[in-house]
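The values are calculated or read from the model by the stated rules, or taken from the named source; none is laboratory data. What you see is a predicted model; the values in this text were computed from it and never measured. Every residue, glycine as well, gets a Cβ built from its backbone with ideal geometry; the counts of neighbours run over all protein chains shown.
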Amino acid sequence: MKAVMVLLLIVQGYSGDRCQFTHTYCDSSPCQNGATCVPTSTSFYCACLSGTAGDRCEFDTVDDCRSAACHHGGTCVDRPGGYECRCPQLWNGLNCETFDDGFEGGIGHQVTTPRAVVHPDAADCVMNHCSEKANNGRCDVSIVSRTN
């Protein structure tokens, strides 16, 4: 049996026995925080979004919590290019601004279809743990007005 030796020159950017696979340095998605990977002939670079920096855009350069307004005792969490509010139970929304009697607390989300509020005092009734209501739909306890 005669052995056949095949010498194959692998062209950069290709791989496989017959150079049938193309690849770039961006195939592994090395860039972070929504950055765009741009391949070069020998490597890659990351085109960072505003507010991020670093070789792979791994650093957040803006403290978005300085201008964030998390309401009702919510805590701001800085994220690259923005922020999130960790909202207490019953307060949902991007800034914890929307009363939501089914919300258990956590990162607030935009409320697209708020729950029906039967009476304007409904939020106060739940917050004050009213268990009984008079026939007028208002809490049986006096409600102290809150500001936030």
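Odds and ends about this structure:
- ASP78 being surrounded by fewer than 17 Cβ atoms within 10 Å (Cβ to Cβ), more than 15 Å from the chain's Cα centre (by Cα) and at pLDDT 85 or above: no
- Failed item in (1) acidic (Asp, Glu); (2) within 16 Å of the chain's Cα centre (by Cα); (3) at pLDDT below 90, with GLU84 passing the rest: (3)
- Selection count where residues are touching a strand residue (DSSP E or B) at 6+ places or on another chain (Cβ under 8 Å), under 15 Å from GLY51 (Cβ atoms) and assigned to a loop (DSSP other than H, G, I, E, B), scope the range 67-100: 3
- From CYS37, CYS46, CYS31, residue being part of a strand (DSSP E or B) and touching a Lys or Arg at 6+ places or on another chain (Cβ under 6 Å): CYS46
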